[in-house]
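Where a number appears in this text, it was derived from the coordinates with a stated rule and is not lab data. Keep in mind that what you see is a predicted model, and the values were worked out from it rather than measured. Cβ: placed from backbone, ideal geometry, glycine included. Neighbour counts: every protein chain shown.
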Amino acid sequence: MIKLKNILSESKVELGKVYPNPYHTAFKSQEQIKEEENSVNEADDHEVGMGLSALKESVRSAKIIYDEIKKRNIQELEGWVQHKLTLASDYLNTVAQYMEDLDEYDEKDDK
């Protein structure tokens, strides 16, 4: 009986490692390959647009929440509301720190 363990030990395949597929473009023309490369760049642009849209919506929602709390003179928030606000704040702070760190890495690369 052939065991996977024996097959893996005979080949030079490492578990957990991601290997590129050398045949992924075997049946595609050069034109198709270039189109795919361009569509990846367009997808990246779309990701930025989606991120900016989500950020804009977050700012709008935060302003509404802030204004409603002030307008209604709310003294206490329900537990689930406080929890959601804390999560949102934490997520936004994490992304903000990441973006600030990108600037630091860019400065190090320039030197």
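Things to note:
- Backbone phi angles across segment 66-75, fed through the Karplus curve with coefficients 6.51, -1.76 and 1.60 (θ = phi - 60°), yield HN-Hα couplings of 4, 4, 5, 5, 5, 5, 8, 6, 6, 9 Hz in residue order; Gly and Pro are listed as x.
- Derived scalar couplings ³J(HN,Hα) [segment 81-92; Karplus, 6.51 cos²θ - 1.76 cosθ + 1.60; whole Hz; x for Gly, Pro]: 5, 4, 4, 5, 5, 5, 4, 4, 4, 5, 4, 5
- Under the simplified labelling scheme, the Thr86-Lys34 pair shows an inter-label distance of 5.6 nm, with each label point 7 Å from Cα along Cα→Cβ.
- Between Asn6 and Thr94, the simple spin-label model (points 7 angstrom out along Cα→Cβ) gives 4.6 nm.
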